[in-house]
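Notes to accompany the following structure.
The values are calculated or read from the model by the stated rules, or taken from the named source; none is laboratory data. Small disclaimer: the values here were computed from a predicted structure and weren't measured. No Cβ is skipped: glycine too gets one built from the backbone with ideal geometry, and neighbour counts run over all protein chains shown. What goes into the accessible areas is simple: the full protein's heavy atoms, side chains included, and nothing from ligands, DNA or RNA. Shrake-Rupley method; radii C 1.70, N 1.55, O 1.52, S 1.80 Å.
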Amino acid sequence: MDYDKTLQKHIRCKKGDVAKYVLIPGDPGRAERIAAKFDQAEKIAVNREYTVFTGEKDGVELTVCSTGIGGPSAAIAMEELAKLGADTFIRVGSAGGRKEEMPVGSVAVINSAYRGEGTSFEYLAANYPAVADDTITDALKKAAADLGEDVYIGGSYTRDAYYMQDQ
C-alpha cells in the first residue's frame with residue numbers, strides 16, 4: 001500500500017483537499033447542510049466527529065469541516081487543517097447561548113470571547129485576549145447586512161461545562 005505521509009490522522013485529509021477558507025460547525029449534519037449550499041462540493045472525508053467537504057461558492061473555494069463539541073476536538077481539526085494550508089477559520093452554527101432580546105436563529109458575529117475553558121490555554125497565556133480579526137468580523141457584518149439580516153455583535157463566553165451555562 002502506498003501511504004501518503006501528509007494524510008492527517010483525525011480529519012483524514014491530505015494536501016490539496018482543503019481550501020484556505022474553512023467554515024467550522026460543530027455538528028457533522030450541519031457540515032452536510034452547509035456544503036449543500038455550495039455551488040459545487042465534494043465530500044472529502046468522514047472520520048469520528050469530522051466531516052469534510054471542499055467546494056466553491058460564488059467563485060470562492062471553501063472547505064467545511066465539522067469539529068464535534070468542545071475545544072479539544074476543534075483544536076485538532078484546526079491544527080490539521082492549518083498543516084494543509086487553511087489559514088482562515090469561521091465558526092458557524094449555534095453559539096450555545098444568546099441574550100433574551102435575541103430571537104432564536106438570529107445572526108450573531110462574535111468579535112471576542114472570554115476564555116472559560118481549558119484548551120486555549122495550551123496555545124495562549126491567560127492574559128492574552130481572544131479577539132477576532134477585524135477584517136473578517138467587518139466582512140461578516142457587511143455580508144449579513146447585505147442579506148437584510150439583523151446582526152448582533154458582541155463577545156461570547158467559552159466553557160467546557162455546557163450545562164453549567166445557566167448556573
* Counted residues, the range 108-140 - those being free of Cβ contacts under 8 Å to residues at least 40 places away in the same chain and touching a helix residue (DSSP H, G or I) at 6+ places or on another chain (Cβ under 7 Å) -> 1
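Residue under question is Ala143, and the condition is that it be within 15 Å of the chain's Cα centre (by Cα) and either at pLDDT 90 or above or of a type outside the set (Ser, Thr, Tyr) (or both); does it hold?
Numbers: within 15 Å of the chain's Cα centre (by Cα): no; either at pLDDT 90 or above or of a type outside the set (Ser, Thr, Tyr) (or both): yes.
Considered against the rule, which asks whether it is within 15 Å of the chain's Cα centre (by Cα) and either at pLDDT 90 or above or of a type outside the set (Ser, Thr, Tyr) (or both), Ala143 comes out as no.
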* Quick one: in the range 158-167, of everything that is farther than 21 Å from Gly105 by Cβ and assigned to a loop (DSSP other than H, G, I, E, B), which residue is least open to solvent (accessible area, probe 1.4 Å)? => Ala161
* To do: Could you figure out which of (1) assigned to a loop (DSSP other than H, G, I, E, B); (2) surrounded by 15 or more Cβ atoms within 10 Å (Cβ to Cβ) isn't true of Thr63?
  => (1)
* Asked: For the range 25-40, how many residues are farther than 19 Å from Ile76 by Cα, in contact with a strand residue (DSSP E or B) (Cβ under 8 Å, 6 or more places away or on another chain) and of a type in the set (A, V, I, L, M, F, W, C)?
  -> 3
* If a residue has to be at pLDDT 90 or above and out of contact with any Pro (no Cβ under 9 Å at 6 or more places or on another chain) to count, how many in the range 87-106 make the cut? -> 4
* Asked: How many residues does the range 120-136 contain that are under 21 Å from Glu79 (Cβ atoms), open to solvent by 90 Å² or more (accessible area, probe 1.4 Å) and either touching a Cys at 6+ places or on another chain (Cβ under 6 Å) or not aromatic (Phe, Trp, Tyr) (or both)?
  -> 2
* Specify which of the listed residues (Gly155, Gly148, Gly105, Gly93) is touching a residue at least 40 places away in the same chain (Cβ under 8 Å), assigned to a loop (DSSP other than H, G, I, E, B) and either on the phi > 0 side of the Ramachandran plot or touching a Ser or Thr at 6+ places or on another chain (Cβ under 6 Å) (or both). => Gly93
* **Answer residue from the range 1-57, given it is in a loop (DSSP other than H, G, I, E, B) and of a type in the set (S, T, N, Q) and is farthest from Thr88 (Cα to Cα) among those** => Thr6
